[in-house]
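The structure appears below as C-alpha cells.
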Amino acid sequence: MRRGWALALGVVNRVVPDARLEEETLALAGKLARGPRVALRYMKRNMNAAEAGTLKDSLDLLRRLVKQDIEPDPSGAGRRIKEEVAKDRVISVADREMRHGRKSKTKLFNGYKRHVAIANGIILATTVVPANVQEHAAAARLLAAAATHGEIEIVDIDRGYLASPAIERLYREGTIVNSRPWVPTNNGRFTKDDFRIDVRRRRVTCPNGITVTAVPSGKATFPVEECGRCKLKQACTTAPYRSVALHPMEGMLVKLRRRNATRKGRAELRQRVGVEHRLAHIGATQGDTARYFGARKNELDLNRSAAIVNLQEVARRRAA
C-alpha cells in the first residue's frame with residue numbers, strides 16, 4: 001500500500017522519510033514512556049476489548065452511558081450532565097461490572113466488595129460482588145460454602161446480613177444468630193424500641209399502655225382517637241396517629257435487642273472482631289485495589305490471598 005493511501009485511509013497517522021524513521025520512532029516511544037501510564041494502559045485494554053466485541057455491543061454501551069449521565073437542559077440549550085447518580089451506573093467501560101459503593105454515609109469508593117466467612121480463625125469461604133450490591137446478597141453463597149465444612153451452629157454477623165433469606169432460614173432451624181439489630185430512628189421521638197411487642201400474638205403496646213394487633217402485613221396502627229388525647233403524643237409522632245411495622249423476622253430482632261442490652265450479649269458481639277482481623281490480613285496481602293477486570297477474576301484473587309492468610313495462621317499456631 002502506498003504511503004499516501006495508508007495515511008488517507010487512517011492505517012497510519014503520520015508519514016516520515018526513511019532517513020528519519022528511527023529518530024521519529026524513538027521520540028514517539030519516549031513521549032509515550034513519559035506519559036500517564038495508567039491511562040495509556042486502560043486505553044490499550046479498551047482497544048483490545050473493542051476488537052473482541054461487536055458493533056452492537058459498543059453501541060448499546062454508548063447508549064447506556066449517554067442515558068445514565070446526560071439529560072435535556074431545562075433551559076432548552078441542548079443537553080447537560082445529570083447532577084444525580086444513576087442507579088446501577090456503569091463507571092468503567094474497561095470493567096463493566098465495577099460500581100459505586102459506600103462504606104458509610106460520607107465515605108464512598110468504586111469497585112468491588114469482598115466478603116469472607118471464618119470459623120476458628122480459618123477462612124472457609126469468600127465472595128466478591130460489585131460495590132453497589134448490598135451485604136445480605138452475599139450471605140447465601142458464604143453460608144452454603146461454609147456449610148460444606150460442617151453444621152452451622154452459631155453465626156456472628158454484621159447487621160447488613162440480617163436481611164438475607166439464608167439467615168432467616170438458619171434462625172428458624174435453630175441456629176444462634178449474633179448481630180447488632182437495626183437501629184430504629186424517629187427524629188428524637190419514640191422508636192420501636194419504646195413499644196412492647198408480643199411477637200407470638202402480634203400485639204404492640206405503646207408507651208401509654210394502649211395495645212393494638214398487627215394486620216397480616218405486619219402493620220400495627222393505633223386509633224386516631226387514642227393518639228389524639230394521649231399525653232405522650234408530642235414525644236411519639238406529629239401525625240394524627242402512630243403506626244409500627246413488624247418485620248417478618250421481628251422475633252429474632254426482639255431477641256437481639258434484648259440480648260445486646262446485657263453484658264453477656266455485648267461480649268458475644270465481640271466474636272465478630274475475628275472477621276475484621278482476617279479482612280485486615282487479606283488487605284495486607286491482596287491490597288485495596290482490584291487487580292483484574294470482573295468479579296469472578298477478583299474473587300479468584302481473593303481466594304488466593306485467603307489461602308495465604310490461612311497458611312500463615314496454621315504456621316503461627318504450629319510455632320506457638
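Calculated from DSSP H runs of 4 or more alone, at -39500 (n - 2.57) each and per residue, what is the 222 nm mean residue ellipticity of the chain, nearest 500? For the chain, the value works out to -12500 deg cm²/dmol.
The longest part of the chain holding none of the exposed loop chymotrypsin sites (Phe, Trp or Tyr not before Pro), meaning those outside H, G, I, E and B in DSSP with at most 15 other Cβ atoms within 10 Å, is 1-181.
Karplus-derived 3J(HN,Hα) values for the range 150-158, using 6.51 cos²θ - 1.76 cosθ + 1.60 with θ = phi - 60°, are x, 5, 8, 9, 9, 10, 10, 10, 6 Hz; glycine and proline are entered as x. Using Stokes-Einstein with the Kirkwood hydrodynamic radius over Cα pairs, what translational diffusion coefficient do you get for the range 1-160 at 37 °C and a viscosity of 0.692 mPa s, in µm²/s rounded to a whole number? D = 155 µm²/s.
Using Cβ point charges alone (K and R +1, D and E -1), the dipole size of the chain about the Cα centre works out to roughly 840 debye. Annotation for the range 134-217: GluC sites (Glu not before Pro) lying in DSSP loop with at most 15 further Cβ atoms inside 10 Å of their Cβ are E151, E153, E173. Measuring between their Cα centroids, the range 220-239 and the range 145-177 lie 38 Å from each other.
Each distinct pair of alpha carbons in the range 12-77 adds a 1/r term; the inverse of their mean, the Kirkwood radius, is 15.9 Å. Of the trypsin sites (Lys or Arg not before Pro) in the range 166-223, the ones in a loop by DSSP (not H, G, I, E or B) with at most 11 other beta carbons within 10 Å are R200, R201.
Across the options S164, G10, V254, the greatest Cα extent toward the positive end of the charge dipole of the chain (unit charges at beta carbon of Lys, Arg, Asp, Glu) belongs to V254.
If the Kirkwood radius is taken over C-alpha pairs of the range 194-286, then at 4 °C and 1.567 mPa s the Stokes-Einstein diffusion coefficient equals 81 µm²/s. Under a model in which nothing but the beta-carbon of Lys, Arg (+1) and Asp, Glu (-1) is charged, the range 22-134 shows a dipole of about 620 debye around its Cα centre. Each of T262, T211 has some number of other Cβ atoms within 10 Å of its Cβ, and from fewest to most they run T262, T211.
Packing, taken as the mean count of other beta carbons within 10 Å per residue, orders the peptides 11-23, 271-283, 58-70 from highest to lowest as 271-283, 58-70, 11-23. Take the cross-link list K192/K255; K87/K219; K67/K297; K103/K264 and give me the ones stretching past 20 Å between alpha-carbons. Violating the 20 Å limit, Cα to Cα: K87/K219; K67/K297; K103/K264.
The numbers here are math on the coordinates, done by the rules we state, and not lab data. Everything quoted here is computed from the prediction, not taken from an experiment. For neighbour counting, all protein chains shown are included, and Cβ atoms are generated from backbone atoms with ideal geometry for every residue, glycine included.
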